[in-house]
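The values are calculated or read from the model by the stated rules, or taken from the named source; none is laboratory data. Nothing here was measured: the structure is a model prediction, and the numbers come from that model. Please note that ligands, DNA and RNA were not included when accessible areas were found on the heavy atoms of the full protein model with its side chains. Shrake-Rupley method; radii C 1.70, N 1.55, O 1.52, S 1.80 Å.
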Amino acid sequence: MRFDHAAQQVPDIGAAIAWWREMLPQTTVLYEDATWGLIDAGGVKLAFVTADQHPDHLAWRVGSDELEELAVEHGLEIEPHRDGTRSFYLQAPGGQHVEIIAYPDVPD
């Protein structure tokens with residue numbers, strides 16, 4: 001298990017990405033549409049999401065097998081995403097969320 005990204009809810013995905021690109025010019029846009037975006041800002045992946053899509057969260061990457069095991073252990077269903085990833089969210093203390101995510105075609 002390793003840290004993958006932090007996600008923030010924002011009202012305007014494009015405006016959030018534009019701000020980061022201006023503030024940190026070496027920012028690379030990894031994905032962007034109207035409902036979410038993912039950037040690499042100085043070696044840190046940041047996701048921008050809308051309130052109706054995802055909660056604010058920190059995400060840890062695991063392999064597919066570990067994702068399956070952890071979902072069973074926590075009694076949660078794995079959700080597929082349009083980018084091919086699959087994940088579930090855990091409730092963390094203080095009303096926070098943690099995403100456990102697996103990417104397609106990444107060896108376990």
Output the Kirkwood hydrodynamic radius of the chain, Cα pairs only, in Å rounded to one decimal. 14.5
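Given the DSSP H assignment, sum -39500 (n - 2.57) over each helix run of at least 4 residues in the chain and divide by its residue total; what's the result at 222 nm in deg cm²/dmol, nearest 500?
Numbers: 2 runs with 22 residues, N = 108.
Per the formula, -6000 deg cm²/dmol.
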From largest accessible area down, sort T28, T50, T35; use a 1.4 Å probe on the protein chains. T28, T35, T50
Karplus (6.51, -1.76, 1.60) ³J(HN,Hα), θ = phi - 60°, over the range 52-60, in Hz, Gly and Pro reported as x: 7, 9, 8, x, 4, 6, 10, 10, 10
Given H placed on each backbone N at 1.01 Å, which residues far from V62 in sequence or on other chains put an amide H within less than 5 Å of it? I101, A102, Y103
Of G42, G14, G94, the most mobile residue in a GNM of the chain (C-alpha springs, cutoff 10 Å) is G94
Rounded to the nearest 10 degrees, the helix 13-23 long axis (Cα) sits at an angle to the longest Cα principal axis of the chain of 60
Just L58, L70, L24 to compare: in a GNM of the chain, with alpha carbon springs under 10 Å, which one fluctuates most? L24
